[in-house]
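The values are calculated or read from the model by the stated rules, or taken from the named source; none is laboratory data. All values reported here derive from a predicted model rather than from experimental measurement. Here the Cβ is made from the backbone with ideal geometry for all residues, glycine too, and neighbour counts use every protein chain on show. The protein model used for the area step is the full one, side chains on, heavy atoms only, and it has no ligands, DNA or RNA in it. Shrake-Rupley method; radii C 1.70, N 1.55, O 1.52, S 1.80 Å.
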Amino acid sequence: MEENLKIPGHIAIIMDGNGRWAKKKGLARTVGHTNGAKALQRTIEACKKFGVKTLTVYAFSTENWSRPKEEVDFLMKLFLNYLTKQSKKLIENKIKFNVLGDKLRFSPEIQNAMKKLESDTQNFTEFTLNVALNYGGHAEIIKATKEIAEDLKSGKISVDDIDEKLFESHLYTCGQLPPDLIIRTSGEQRLSGFLLWQSSYSEFYFPSVHFPDFDEKQLYIAIQEYSKRDRRYGKV
Ligand code: IPE
Ligand code: IPE
Ligand code: MG
C-alpha cells in the first residue's frame, strides 16, 4: 500500500448495475443480482484488509418494490439465503450486522432472519456491515420526525431538546459515524434516496464498473481517489 493513502473509516456503496452487467452478457437480470451478492463478499473482505471499519451497502430501496414481481421475488429469496447461509461466515469473521430500513414490509421469515443475525453479531466491535433494505432517506427522516413528535407529545422532551444529536439518535444509523466515502457503481451520479441526512459531508465517487465486477482492485482505486480529496467541512 502507498504511504499517503488515507483509509476512510466508513465506506458506503450504492451497489448499482447488476441488471446492466447481466444484459451485457446476454443473461437474465437475476444472474446479475447473484453475482452482485458475490461481489459484496469480496468487498467486505477487501474493506477488512484495508482497515476500513464500517461498510454500508444499499441493497434494496423503498422504490425497488415497484420492479416486476418476479425480480422482487428473486431478490427476496436472495436476501433470505444471504441472511441464513452467510450468517456463519459473518459470525466467524466477527462482523457486526445491522439492517437499515423498515423490516416490517418483509415476510416474517426474512424479518426473523434479520433479527437473529443482528442479535447474534451485536457484540462484535471490529467491523460493521450495514445493509440498507427497504431503505429510503425520506422514509428514514419521516420515521425520526414521527418518533420525536411522539416524545414531544408525551412530554418526554421539549422543543429545545431537538438538535442534530437527538435527531441522529432516531435514524437507522443511530450511534454510528457518517460515511466518509460514498461510491456508486455503474456510472449513475445520483443518491436515489441513500443516506440523505448522513451524507452531508461525505466524499462521492462514481466509477463506471458494474457492481458484479467490483473487487479489491476497484476498492483500492476508490480509496486512492478519496486520498486526494481535501475535506474542508466549511473551513478554509
Ligand atoms: C442494483 O442493480 C441492485 C438493486 C437495485 C436491487 P440494478 O438492478 O439496479 O441494476 P441496473 O441499474 O438495472 O443495471
Ligand atoms: C438504487 O438503485 C438502489 C440500490 C442500489 C439498491 P436503483 O437502480 O434502484 O436506482 P435508480 O432507479 O437508478 O435511481
Ligand atoms: Mg439500478
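Summary table
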quantity: Residue list for segment 51-71, restricted to those being more than 16 Å from ligand 3 (Cβ to nearest atom) and either in a strand (DSSP E or B) or surrounded by fewer than 16 Cβ atoms within 10 Å (Cβ to Cβ) (or both); calculated: Gly51, Thr54, Leu55, Thr56, Lys69, Glu70
quantity: Flag if Ile11 is part of a strand (DSSP E or B) and either within 12 Å of ligand 2 (Cβ to nearest atom) or hydrophobic (A, V, I, L, M, F, W, C) (or both); calculated: yes
quantity: Out of Lys53, Lys103, Lys48, Lys38, sole residue that is under 16 Å from the mean Cα position of the chain (by Cα) and free of Cβ contacts under 8 Å to residues at least 40 places away in the same chain; calculated: Lys103
quantity: The lone exception for Asn112 - which of (1) open to solvent by 70 Å² or more (accessible area, probe 1.4 Å); (2) assigned to a strand (DSSP E or B) it fails; calculated: (2)
quantity: Test: residue in segment 83-90 that is of a type in the set (Gly, Ala, Ser), outside any loop (DSSP other than H, G, I, E, B), touching a Leu at 6+ places or on another chain (Cβ under 6 Å) and open to solvent by less than 50 Å² (accessible area, probe 1.4 Å); calculated: yes
quantity: Scope segment 92-149; condition closer than 16 Å to Cys174 by Cβ and among the small types (Gly, Ala, Ser); matching residues; calculated: Gly101, Ala132, Gly137, Ala139, Ala144
quantity: Check on Lys96, open to solvent by 30 Å² or more (accessible area, probe 1.4 Å), under 14 Å from the mean Cα position of the chain (by Cα) and within 23 Å of Thr125 (Cβ to Cβ); calculated: yes
quantity: Condition met for Gly32 (in a helix (DSSP H, G or I), at pLDDT 95 or above and closer than 26 Å to Leu196 by Cα); calculated: no
quantity: Condition check for Leu152: assigned to a helix (DSSP H, G or I), touching a residue at least 12 places away in the same chain (Cβ under 8 Å) and either open to solvent by 50 Å² or more (accessible area, probe 1.4 Å) or not charged (D, E, K, R) (or both); calculated: no
quantity: Selection count where residues are open to solvent by less than 30 Å² (accessible area, probe 1.4 Å), over 12 Å from Gly17 (Cβ atoms) and part of a loop (DSSP other than H, G, I, E, B), scope segment 175-219; calculated: 7
